[in-house]
Each structure stands twice: as C-alpha cells, then as structure tokens.
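A.B. asks: Got a structure for you, written out below as structure tokens; questions coming shortly.
The values are calculated or read from the model by the stated rules, or taken from the named source; none is laboratory data. None of these values were measured; they are calculated from a predicted model. Cβ sites come from the backbone with ideal geometry, for glycine too, and all protein chains shown count toward neighbours. All accessible areas refer to the heavy atoms of the entire protein, side chains included, with ligands and DNA or RNA removed. Shrake-Rupley method; radii C 1.70, N 1.55, O 1.52, S 1.80 Å.
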Amino acid sequence: MGLQDVDGFLEHLRSAVGAANVLTDESDLAPYVVDARRRYRGGALCVARPATTAQVSQVLTLCHEAGVAVVPQGGNTGMCGGATPRAERDSVVLALGRMNRVRAVDPLNNTIAVDAGCTLAAVQAEAAAVGRLFPMSLGSEGSCQIGGNIATNAGGTAVLRYGPMRDLVLGVEAVMPDGRVVNAMKALRKDNTGYALKHLFVGSEGTLGVITGAVLKLFAKPASDAVAMVGLDDIDAALALLHHVQARAGSRLTNFEVISAGEYELVMSLPKGLRDPLAARHPWVAIVELTDADPAAPLGDELAAIVHDAMERGLGRDATLAASKAQAELIWEIRHSVTEANVNAGLTFSHDTAVPVSRVPDFVRGVERLVAERFPAAKPVFVGHVGDGNIHAVIVLPREAASTPAETDALAAAVNATIDEVTLSLDGSISAEHGIGRSNRRRLSAYLDPADLALMQGIKALFDPKGLMNPGVLL
Ligand code: FAD
Ligand code: MLT
Ligand code: ZN
C-alpha cells in the first residue's frame with residue numbers, strides 16, 4: 001500500500017471502530033507488539049479495538065479488501081509469541097479487550113454466553129455469582145481472555161477433572177477473514193449436524209478467523225475443598241500417589257500438580273517472601289486438591305486420611321494439609337509463581353510436553369540424561385499437570401550461554417530438538433496446552449505426518465485463501 005492508501009485505510013478503520021480505538025502512536029502500540037515472555041518484538045500498522053461483532057466484521061472486511069494481515073490479540077499472555085505481529089509494520093493487531101459483555105447466563109442449562117474479550121477471571125466471577133463454577137484455572141486468569149483460551153485450547157490445573165478448553169466450549173461465534181460471521185453459538189450438549197465447525201476454531205491460534213463469542217459449560221460450584229502439599233522421593237512416587245488418591249477420592253480429585261526441587265527452589269527464591277509449607281525440601285512435591293459440591297463433605301478429614309495412608313505405604317516423605325484458606329492460597333501461589341520464577345531464572349527454555357501418564361517418569365529421566373550429556377551447563381527443572389501427562393521441562397542455562405539473539409535461537413533449537421527426541425520416543429506431543437505460535441512452527445512441521453500437515457494447510461486455505469490471518473503463526 002502507498003502512503004495515501006494507508007491514510008485512507010486508517011480513515012476507514014476509524015469510521016468502523018471510532019478514532020480513539022485505532023492506535024498508531026509508537027508508545028500506544030508498544031504493549032501490543034511484544035509477547036508475554038518478551039522473546040518477540042514486532043511492529044504494526046495500527047491496533048484496532050472493536051467493541052462488537054459487527055465492528056470486527058467491518059475491520060476484517062476492510063483488511064481483506066486491502067490485503068492487510070490481521071493478528072487477533074486477547075490478553076497477550078500466550079507462551080508461544082502467537083499474538084505478536086511480525087516485524088514488518090504491515091499488520092493490524094485486533095485487540096479484543098473492549099468486547100467484554102456477558103451475553104446470557106442460564107444456570108438451569110449450566111451455560112454462560114460471553115463476548116470473546118471477557119477475561120477468564122470475569123467469567124469465573126459471573127459463574128460464581130449464580131452459584132456455578134467455570135473451572136478453567138490458569139496463573140494468567142486475571143488477564144487472559146476467553147477468545148485467547150479458545151484459540152490456544154488452554155489447559156491449566158483443573159484439566160484432570162474438567163478437561164481443557166475444547167471440552168468446556170459448547171458454541172462459538174467467529175468472524176471469517178472476509179468479514180462473514182460464523183454463528184455457532186449453540187448452548188447444546190448434543191448436536192450432530194455435520195462437521196463441528198466450532199472445534200476448528202479451538203486451537204486455531206488466530207489463523208482461521210477471529211473468535212468473537214462463546215457459549216461455555218458451567219458446573220456445580222464446589223462448596224468444600226481441601227488442599228495438601230506432599231514431599232516426594234521421585235517422580236515415580238508422584239504417579240503412585242496420583243493413583244492412590246484417584247482410587248480413594250474418585251472424581252473429588254480436582255487438582256494434582258507436581259514441582260521438582262529445582263523449580264521449587266526458583267519459586268522460593270523470588271523476592272516475594274513465600275513461606276515454605278513443608279519443614280524440609282524434597283526432590284519433588286505434589287499439590288493435591290479435593291473439592292465437593294456438598295458443603296458438609298468432610299474433605300479435610302478425607303484428604304488427611306488419604307495422605308496418612310500414602311505415607312504409611314512409603315509414597316510420601318512429608319505432607320502438610322492447608323489448615324486455612326490462607327494456607328491453601330499460599331500453596332497455590334507457589335504453584336502459580338513458576339512462570340514468573342522461570343522468567344527470572346536466567347536463560348530458560350520451557351517445553352510443553354504431553355506423554356501417556358504412565359510414561360511421565362521415562363520422560364523426566366530421559367530429559368535429565370540427554371540434557372546432562374549434551375548441555376552440561378544446563379539444569380533441567382520440571383513442573384506440571386502430571387495427571388494429564390503434561391510436564392513442562394524447563395531447561396535453565398546461565399545467561400552467558402548465548403550473547404546474541406541468533407545464538408539464543410540456535411541454542412533454543414538444539415535444546416528443543418533434544419526434548420522433542422525424548423517426547424517422540426515416548427509417543428508424546430510437543431504441545432499439550434500452550435499451542436504452536438511463532439516459537440514452535442518449525443518443530444510442528446517436523447512433528448506432524450505429511451498427510452496431517454497437508455490437511456491442515458487445506459483447512460487454512462479454505463478459511464483464509466489470501467493468507468491474511470496471523471501469518472507466520474502455527475503453519
Ligand atoms: P493471547 O496471548 O492474546 O493470544 C494467544 C493466541 O490466541 C494468539 O495466536 C492469538 O492470535 C490468538 N487469539 C487470541 N484471542 C483470539 C480471538 N478472540 N480470536 C482468535 N484468535 C485469538 N496456559 C495454559 O494452557 N496453562 C497454564 O497453566 C498457563 N499458565 C500461565 C501462567 C502465566 C503466568 C502466564 C503468563 C501464561 C500462562 N498460560 C497458560 C498461557 C496463556 O495464559 C494461555 O495460552 C491463554 O489461553 C492465552 O490467552 P490470551 O487471551 O492471553 O491470548
Ligand atoms: C503452568 O503450568 O504453570 C503454565 O503452563 C505456565 C508455564 O509453563 O510457564
Ligand atoms: Zn501448564
């Protein structure tokens with residue numbers, strides 16, 4: 001586009017969403033062109049902030065006509081650089097934050113219909129206000145948005161009981177790259193009317209269209225809960241403990257998370273004065289939470305008995321049961337501080353592996369062995385959702401290990417390839433919950449079967465023949 005065309009294009013955008021909602025000044029653009037982990041810095045023609053589906057449709061129609069790329073952005077908390085525009089200042093960042101209306105709550109149908117720009121925390125609060133639960137729980141829940149959660153098929157700590165975002169979405173409204181609106185906002189639990197288009201948008205990372213609304217499942221609100229932290233000898237003990245708790249607590253087991261000693265140390269060294277719930281440090285800790293909708297359920301006693309039995313069987317070294325809400329919050333604060341701790345730790349490369357739950361110990365040992373052989377200066381630490389087979393291997397290196405962005409990229413690629421080697425040997429996945437984004441695009445083409453990749457490219461071409469949606473992300 002020539003300069004005059006750019007001015008005309010921006011003028012049309014201003015008429016569509018209001019002049020105040022088209023940002024072009026460098027200082028206004030700054031927070032939108034860098035990712036949460038500050039690994040990617042891009043540029044943008046402008047940021048457009050629509051408030052309605054009709055406005056999103058107008059913006060996409062204008063971009064489609066002018067051949068301008070669009071980068072949908074929610075809370076900008078993603079882990080893979082998927083919401084960061086490429087360096088050329090030629091894309092429109094479409095920021096969904098003004099689309100934050102709750103459209104309808106139906107407690108009898110256990111559903112809530114929302115705009116895609118509602119934050120996860122706002123949806124949790126709306127559900128709680130009508131005595132229901134929206135169960136997704138992420139460390140970023142105050143900022144991340146439902147549209148971003150759908151676009152990344154987010155996971156988090158409650159997947160064990162309630163599933164990832166794909167399982168929580170009943171309906172989706174989305175705007176196609178040419179401005180057409182796909183209205184699949186059905187609040188139905190059963191609907192066999194052809195291909196489930198909504199599922200194509202789950203995990204699409206902004207490459208097929210812009211999600212503008214969603215119908216989400218609600219659940220009975222837990223009225224009692226109990227949380228424990230258990231010190232463990234090794235990762236095998238974590239699996240044994242998981243099965244012990246599942247056998248005793250059944251579906252009341254809501255969370256089962258693990259943290260290795262190295263990751264725990266990084267969290268406890270953060271300058272925010274976190275108090276250690278356990279008297280000593282252990283090679284691993286597990287965080288176990290039971291919940292029940294019955295306010296009279298004696299979950300504290302039940303969890304104490306389960307953990308006591310586990311210790312008798314040698315499954316745990318030490319344990320503490322949260323005696324108050326504040327203690328439970330402290331345990332969860334420790335868990336939710338890992339991302340912050342990893343950013344502070346030096347040069348870190350995080351991975352988002354899924355393997356069959358039974359192979360988690362093989363994954364951990366495989367990573368430890370190969371990293372020790374190939375990167376002697378590195379320290380692997382682990383955190384994750386062991387009940388989902390989703391372990392984040394975080395490889396921590398001294399900052400001096402790479403001094404230029406090119407060196408960092410080369411080191412990251414070598415580390416990623418090592419972790420992927422272990423993952424693939426266990427029939428695992430290179431992305432369990434974070435997505436592909438910009439970071440893992442090359443890894444994806446090596447990971448997927450050519451036939452799967454070709455089908456994905458065909459779907460992309462069908463939805464976005466001009467290739468304008470989030471170029472450089474996912475495919
Ligand atoms: P963004 O970062 O804005 O975007 C992510 C991707 O979705 C981009 O490709 C973007 O283009 C696309 N997108 C965003 N909105 C839309 C839309 N409306 N329509 C179409 N495409 C869209 N993730 C987990 O899965 N589990 C965790 O436990 C977890 N913990 C985290 C803890 C912290 C402290 C942080 C910072 C992040 C964590 N994350 C976790 C990652 C992140 O929060 C999730 O990936 C989240 O779902 C991203 O939502 P967002 O609104 O911030 O999306
Ligand atoms: C987590 O499990 O805490 C998240 O996925 C974030 C991370 O891996 O840093
Ligand atoms: Zn995670």
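A.B. asks: Divide by every residue of the chain the summed helix terms, -39500 (n - 2.57) for each DSSP H run of at least 4, and state the resulting mean residue ellipticity at 222 nm, rounded to the nearest 500 deg cm²/dmol.
C.D. replies: Details: 17 runs with 176 residues, N = 475.
Helix contribution divided over all residues of the chain: -11000 deg cm²/dmol.
A.B. asks: For labels at T404 and E88 in the simple 7 Å Cα→Cβ model, what's the distance in nm?
C.D. replies: Modelled inter-label distance: 2.4 nm.
A.B. asks: Hey, another quick one. Do any trypsin sites (Lys or Arg not before Pro) in the range 296-386 lie in a DSSP loop with no more than 13 other beta carbon atoms within 10 Å, and if so, which?
C.D. replies: Those that pass, being in a loop and sparsely packed, are R313.
A.B. asks: Considering only protein heavy atoms and a probe of 1.4 Å, how much of the accessible area of the chain is carbon and sulfur, as a whole percent?
C.D. replies: Details: 10540 of 20040 Å².
Reported share for carbon and sulfur atoms: 53 percent.
A.B. asks: Another one. Would you mind checking K186/K460; K217/K325; K198/K460; K186/K466; K186/K217 for any pair whose Cα atoms are more than 22 angstrom apart?
C.D. replies: Numbers: K186/K460 24 Å; K217/K325 27 Å; K198/K460 15 Å; K186/K466 29 Å; K186/K217 11 Å.
Listed pairs above 22 Å: K186/K460; K217/K325; K186/K466.
A.B. asks: Quick check for me: using +1 on Lys/Arg Cβ and -1 on Asp/Glu Cβ, what's the dipole size of the chain about its Cα centre, in debye to the nearest 20?
C.D. replies: Values: 42 positive and 53 negative charges, 129 e Å.
Using only the charged Cβ atoms, the result is roughly 620 debye.
A.B. asks: Still on this structure, please answer the following. Restricting attention to the range 428-475, which trypsin sites (Lys or Arg not before Pro) occupy a DSSP loop and are surrounded by at most 15 other Cβ atoms within 10 Å? Mind dumping the intermediate values first?
C.D. replies: Details: sites: R438, R441, R442, R443, K460, K466; in loops: R438, K466.
Qualifying residues, ordered by number: K466.
A.B. asks: While we're here: Which value, in Å², gives the accessible area per residue of the chain when a 1.4 Å probe is used on the protein heavy atoms? Please report the intermediate quantities before stating the final value.
C.D. replies: Working: 20040 Å² over 475 residues.
Per-residue value: 42 Å².
A.B. asks: Next question. How high is the relative contact order of the chain? Use alpha-carbon pairs under 8 Å, at least six apart in sequence, and give a whole percent.
C.D. replies: 15
A.B. asks: How high is the relative contact order of the range 43-106, in percent, counting Cα pairs under 8 Å that sit 6 or more residues apart?
C.D. replies: 51
A.B. asks: Report relative contact order for the range 348-475 in percent, whole number only (criteria: Cα-Cα under 8 Å, sequence separation at least 6). Intermediate values should be presented prior to the final figure.
C.D. replies: Working: 153 pairs, mean separation 37.7, N = 128.
Normalised by residue count, the contact order of the range 348-475 is 29 percent.
A.B. asks: Among V56, M165, G346, which residue has its Cα furthest toward the positive end of the charge dipole of the chain, with +1 on Lys/Arg Cβ and -1 on Asp/Glu Cβ?
C.D. replies: Going by the charge dipole, the pick is V56.
A.B. asks: Next question. Add +1 for every Lys or Arg and -1 for every Asp or Glu among the other residues with Cβ under 13 Å from the Cβ of L160, and state the total.
C.D. replies: Cβ neighbours under 13 Å give a net charge of -3.
A.B. asks: Next question, about the same structure. Rounded, prolate or oblate: which one fits the range 93-210, using the alpha carbon gyration tensor with axes a ≥ b ≥ c (rounded when a/c is under 1.5, else prolate when a/b beats b/c, else oblate)?
C.D. replies: Rounded shape, in that the Cα axes give a/c under 1.5.
A.B. asks: Further, regarding this structure: Where in the chain are the DSSP H helices whose C-alpha atoms run 18 Å or more along the long axis and whose mean Kyte hydropathy is at least -0.5?
C.D. replies: 3-17, 53-66, 235-249, 299-312, 360-374, 405-425, 450-463
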